[in-house]
Every structure is written in C-alpha cells, then in structure tokens.
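Let me begin by presenting the structure, written as structure tokens, before commenting on it.
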Amino acid sequence: MGIEGLGFDELEGVSPSFAEALYRRYRADPQSVEADWRTYFQALEATVSGPSWARSNWPLSDTDALTAGLDPTQMEVAAKPAKGAKPAPAVESAAAPAADVTAAALDSIRASTLIRTYRVRGHLLADLDPLGLSKQGFPEDLNPEYHGFTEADMDRPIFLGGVLGFERATVREIIAVLRRNYCGKVGLEYMHIQDVEERMFLQQRMEGKDKEISFTPEGKKAILSKVIEGEQWEKFLARKYVGTKRFGLDGGESMIPALEAVLKYSGQAGVQEVVIGMAHRGRLNVLTNVMKKPYRVLFHEFAGGSANPEDVGGSGDVKYHLGTSTDREFDGNKIHLSLAPNPSHLEAADPVVLGKSRAKQTQLQDNERAKVLPILIHGDAAFAGQGIVMECFGFSGLRGYNTGGTVHFVINNQVGFTTSPQFARSSPYCSDIAKMVQAPILHVNGDDPEAVTFACKVATEFRARFKRDVVIDMWCYRRFGHNEGDEPGFTQPLMYEEIRKHPPVSKLYTERLVAQGLIDQAWLEKAEGDFVAYLEGEFEAGKSYKANKADWFEGEWAGLAAPREAVTERRAAASGVDREKLDTVAKLLTTVPAGLTVHKTLARILEAKRGMFESGEGFDWATAEALAFGTLLIDGYPVRLSGQDVGRGTFSQRHAVWTDQTDGHKYIPLSELDRRFQVLDSPLSEFGVLGFEYGYAGQSPKTLVLWEAQFGDFANGAQVMIDQFIAAGESKWLRANGLVMLLPPHPAPPDAAQFPQAFDHDDAQVAAAAQGGGIDDQRIPRRQPLQAHPERSECAG
C-alpha cells in the first residue's frame, strides 16, 4: 500500500478490518508488511507497551554474583516443575506481555477508525433543524460497539498520540469530544476532499478537546444587533405594506450577520471587490442591511415610485429583482460591493456574477484571484433542482472561467414553494451537488447565529487559502408562505403548525446572552426601539424621495452613453484601418514560428491565406474575423472569444490556436500582438457559458466579448439568458451590454470552409460595439465583398 511517513492521524483513510489484519500479519512476520506499515506498528507497540521513559533492558536480568545476591528479585527460588513436565518459560519483567501489546495496539487502531467515522459521518447526528422535524436515525457505525468496543472497554485509556488533543484518552472521552466537534450546531462534510492539506485545514478548525465556537462579548452583541435589524426590517414592512409581496427573510435572519462575517474576514484576506448574486428570498433585507441601499429608496419603490429618473425610461422591474452597488469598510478594509439584478428564473444570475467577477479580476490583474470574491446565495430547492448550478460549479477549475472559488450560501427553508424535500431531490442534502468539485460543506442550524457566523468564518478562510468553492447550508424555515400572501398550510400543515409555535431567532439568541449576563431586557428594548425609530424617519423621507440619477454608465462605462438614435436607425459610421496594421496582422496569421510543427492541412490553409493577402481577393470569413481581432488588439482593445470548440472552429475554419504535432503544445498567433487576446474552448454548456460572457461583457465594455454557439440552434439551450438578460436587461435594470453572439449555420454549408463574405464594418465599429452598442444590426452580416484600398482597407466587424 505504501503510506509514506504513516502516523496515527493518517490512519483515518484505512478501514479497521484492513488495519487489524495487517497488524496481525506483522505480529506473525514483520517482514511480510511494507516498510511504512512496519515502522508504524513498531512505533505503536513501543508507545503502548509502557511509558516513554521505559527501557527494554531494565531492570537487568543478568548480573554479577554479588548484585544477584543483594537483589531480592533475583533471590527467588524457581519452583520445581512437576515430574516429567518441562521447565516454565522465563517471565518478561521489563516489557509488557505480547498479548497486552497486541491488545493495546488494536485499541489504538480501532479508536482511529472510530474517529475517522465521525469525521466522515458525524454530520448525520448534527443538530441542524430548528424545527426538529428532520428525523435522522443513529448511524450504526457511529456506535463504539461497531468498532469492537464494549461497555467494559469505555473507560480504558487508549493511546492516541495527540489526536483530538489527547496523548491517551478513554473511549468515553473520545466520543464526547467527537460529538461536540462534529454533531453540534455545525455539521461538516469534508472527507470527500482528496487533498490532504485541505482536509487538515478544516479538521484543525473543527476538531479537538478544546475546540468550541466562541465570540467576544462585543462580537456577540454585534451579531444580535444584525439579527435584530434583519428581523425588525421585515416586521416594519409587514406593518406598513400589509399583504404586499416582499419574499422576506423571516426565519433566516441569521444570514445577515453571517454575510457581514464573510465581508469582514474577506477584507482581512485582501479582498477589494465582492460580487453577490441571489434570488428574491431575503433580497430586500440584503439590499438595505448589507448593501446599505437607503431605506427611503425602498419605501419609495414600495409606494409605486420608480428607481430611476423619469427621463431615463425603461420598463423597470419589481423591487426584489433589482441590484445595487456600494462601498463599505470593515476594520479599515474598504470593499466595493455589487449585487447583480436577477429575473424570476432562480439561479439564472449565477453565471453572470461569475463572469463579472472574472472580468474584475482581469482588470485588477488579480491573477491570484485574491482581490475579487463572488458570493452566490441560493434557495435549497433551486440549489438542488436548477442545472445551471452544476454548470457554474463546472467553471470553478477551468482556465478562463475560474474565479478563485465562490462562497455559496444556501437559505435552506426545507421547502420549495409547496414542494417538500423528499419530492424535490434524490440526494440526502440539497448541497450534495457541490461534491462534484470536492467543495467542503458546512451545514448549520439557522437558529444559532453564532454557529452560522462561525461557519461563514471557516468558509471564508478556506476560500482565501485554497481559492476553491465552499458551501454554507443554513437550515432555517420560512415563517410565511412562498410570499406573504400565500397559505402554506394547504401543503405543509405539520411544518407550519410547528413554525407558528417556534420563537424567532432574536428571542432565542437574546435569552442566551441574557443567561450569560451580557445584556438585559433594557438593552434589547433600546436596540429594537432605536432601529424602528430610524426606519420611521426613513419611511417619512421616502414619501418625498425622487430619483435624480440613473445607476448606469459609471465606473468602467464612464465616457459611454445610451444611443441617441432610434433603435431602428443604423448607427454605423464610415471608418477603415491602415494598410500597415493589416499587413502586421497578416504576417502574424501566416507565419509558422521556428520550432512549431503544424498539421499538414493547416499548412495548406496558411498558404492559401498568403495568397489572399498577396492578391487582395478571395478573403473568407475566418480571415476577415482574424483581421478584425488583430487590428482591435493593435488599437488596445482586448478580445475574448469563448464557446464550444472555438479555437479550431466548428467547421475547421478558424484555427485561432495551432497545436504542435510533435509535443502538443499550443500557439496562439494573435496573442503575440496582445496577451489580452483570449480564445477559450468552453465546457459543453450554452446557458452557463453565455451567462458568464454576458457578465464579463457587462463589467468590461471596452473588451470585445464574443460567444459562439457550436451550431446556431445550440443557442436554444441559453434561451433564458437571451430573453431575460440580453434582450431585456437594459430596459429592466439599465444594464447595457456589448456581448456579441456568433451563430454558425446548422447544418453546415456544402463548402464549410467558405463562410459568408465579411461584414462591411471594420474594427472601429467593433470597438464601438464593445463600448456598449448592444446586440443590434451592427452584427448582421451584409454579403458585400471585402474591398482593398491603397491607403485604407475595410475589414470584418
């Protein structure tokens, strides 16, 4: 098996029956096991057979006559054997009998497998459901009897070698610590992770006799204050707007201090930008209490007012779909926060958030993925049910799409609209999809704000250290129906009978802090009173509030503006490109560098391209496209092309990436002009990839961002993105976007290598498109031949 440097703690990956069988083989013949196991067993026996200061040759059994005469232990006369019997064997006086050593070693092996089982399955006994409705049987393998320990063995000290913080401990002590570590208000799933360093990182934060969730008195008061704000905000809206839909956070208020913790600890780790995506549940609470959108603006919108100035226009959207951005400071660390707008389609904003985050990282030259953090907030039913979640997890380790890990926070209401979990998924947990990328999952009881905040701290530290996705699954409940006017008792009568009796999070946590002597009733009344009074003031201010500034064409979009012409008018302008630039690009597109062996067919294609440039005739689509990309790069505009098989092209027409035929390394000619040219073969996804590129283009308007469907009708798989974001995002949310979609014909034309003639637009027009022109008739190919000109030539747009 070969376990290098095997120690007690590393035995957690081995089954008890295998280890015991191996040990028995070692006892019979030490040379029959591998050297690492032999070393381990030798060390184990040396430790369990006696104290660390014991010596195998003491006391002496063979001394001189004088010493023997003075030593009472050597004066004892040996008993004579019975007539005909053999003499009794010598008694081992210094070392423990072999049977005792074997028993002690087996105890240690069994204890290690017991500990490992709690690491793997302890979460099944965790106290996660605030309502107590989720029934989980006691897993047989978490019983000590399963591992060979009887009641008589429970108080026998066993060697652990420092595991759990014990040198030696009884089975009873071991189980008590494991239950406290893994079966409390936080249940950790992490043993599916293959990376040992990642497992040890999480283990060190959860496991040990002295490990517990603890916060300072000031920290506990801060947590309670945020819970109060979240709860009182929902109650205030319920009083002022009776029966109005708000998709409140009632029952999940612990998320507010939890998100504050993610932001705080991320700031300490160097994060400068946070991009958040979420659906409608709790969105108004996040907008105001996390994003700090002025309460008066929300009250203005509740009263029917527009979020935008009257002269801006647009259809607008319901208030629980809108986004915002703000700057906040945590312990001296400034963080810019963005909350992406979303449609009713649950999880549809996820890839948009990831694309936007990746673009921000590119702009900040954040190659370590340490300065920009994406946070996605999910519902339990959507997290398990929406396929786009899987697509986004699939991006997490891919070149061109990786964002250095996403913090996923699941508001687990234990119901989806009217559908109970047993009908909504086939997996034990709603979060099991995350195991596809070996993400750690922290299940936590939402009635314990300290536990939720602790889980977020661990998750944020994990992401900062390993740049990988992590999931917090907060079990809570939805105090009202799917919306505030819905009757949940039709379908979940037992759940809602329990919810009606269940005290709110603030009451439970207040009682806890009162019992600890940290606050009293007067503190609570003042905290609630002050916040409600502030809301009353904002409510009055909202009556006269008027939006005087539209939230668009700022930041990276500064200097750009909405088109002044009607959408039906053509906005192309006369333009061209210098012949010198075309020649520069042409040479690069047709020159094979030394040391690169290209495919023989590609060599013929390159030869044909040289003929095009020499004659000025017969330009095909792919060549014109490459000229457009190249001249844009010369002018300083980055280009990002992604989609299925875009490097070669569906019809072998593009060949933007050349592969060496001898060793397989890649060469991208246009990257020699500017390393910001990206051509990315995407996963086999349309919905997720198009959403990602939409998010990227929205954040980076001066980059030409293109998504190409493998075939044109494959765009059907991304119809939600087209309808809800590309076609309607500017009207609903004032979010302009310059994404370009390329839709090759399907089936292929008879001569697949000869594409339609180039656009009659040039790179300046493409640059204009990249600066926010939107998807309009600038992208419609017009079948006019490319014209050469002595000074300037038009190229593809």
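The values are calculated or read from the model by the stated rules, or taken from the named source; none is laboratory data. Since we're looking at a predicted model, the values are computed, not measured. Cβ atoms come from the backbone with ideal geometry, glycine included; neighbour counts cover every protein chain shown. The protein model used for the area step is the full one, side chains on, heavy atoms only, and it has no ligands, DNA or RNA in it. Shrake-Rupley method; radii C 1.70, N 1.55, O 1.52, S 1.80 Å.
A few remarks follow.
- Identity of the residue in region 487-533, open to solvent by 30 Å² or more (accessible area, probe 1.4 Å) and among the aromatic types (Phe, Trp, Tyr), that ends up nearest to Ser225 (Cα to Cα): Trp523
- Condition met for Gly270 (in a loop (DSSP other than H, G, I, E, B) and either within 20 Å of the chain's Cα centre (by Cα) or crowded, with 22+ Cβ neighbours inside 10 Å (or both)): yes
- Residue that is open to solvent by 80 Å² or more (accessible area, probe 1.4 Å) and out of contact with any Lys or Arg (no Cβ under 6 Å at 6 or more places or on another chain), where the choices are Glu198, Glu151: Glu151
- Check on Leu124, open to solvent by 30 Å² or more (accessible area, probe 1.4 Å) and under 30 Å from Lys501 (Cβ atoms): yes
- Candidate set from region 379-402 (those that are open to solvent by 40 Å² or more (accessible area, probe 1.4 Å) and out of contact with any helix residue (DSSP H, G or I) (no Cβ under 8 Å at 6 or more places or on another chain)); member that is farthest from Ser357 (Cα to Cα): Gln386
- Of all the listed residues (Phe677, Phe692), the sole one being farther than 30 Å from Gly595 by Cα, crowded, with 16+ Cβ neighbours inside 10 Å and not acidic (Asp, Glu) is Phe692.
- Residue among Leu602, Leu596, Leu641 that alone is assigned to a helix (DSSP H, G or I) and either hydrophobic (A, V, I, L, M, F, W, C) or within 27 Å of Glu686 (Cα to Cα) (or both): Leu602
- Qualifying residue in region 436-452 (condition: in a strand (DSSP E or B) and touching a Gly at 6+ places or on another chain (Cβ under 6 Å)): yes
- Residue within region 365-378 that is open to solvent by less than 10 Å² (accessible area, probe 1.4 Å), part of a loop (DSSP other than H, G, I, E, B) and in contact with a helix residue (DSSP H, G or I) (Cβ under 9 Å, 6 or more places away or on another chain) present: yes
- Neighbours by Cβ (under 9 Å, 6+ apart or cross-chain): first from region 33-45, over 20 Å from Leu160 (Cβ atoms) and free of Cβ contacts under 8 Å to residues at least 12 places away in the same chain; second hydrophobic (A, V, I, L, M, F, W, C) and surrounded by 15 or more Cβ atoms within 10 Å (Cβ to Cβ): Val33/Leu22; Val33/Phe41
- Qualifying position, being surrounded by fewer than 15 Cβ atoms within 10 Å (Cβ to Cβ), in contact (Cβ under 8 Å) with a residue 24 or more places away in the chain, part of a loop (DSSP other than H, G, I, E, B) and not β-branched (Val, Ile, Thr), among Arg564, Arg570: Arg570
- If you go through region 453-486 and pick out every residue that is without any contact (Cβ under 8 Å) to a residue 60 or more places away in the chain and either surrounded by 24 or more Cβ atoms within 10 Å (Cβ to Cβ) or in a strand (DSSP E or B) (or both), you end up with 0.
- Within region 538-583, tally of residues that are closer than 30 Å to Gln361 by Cα and of a type in the set (A, V, I, L, M): 5
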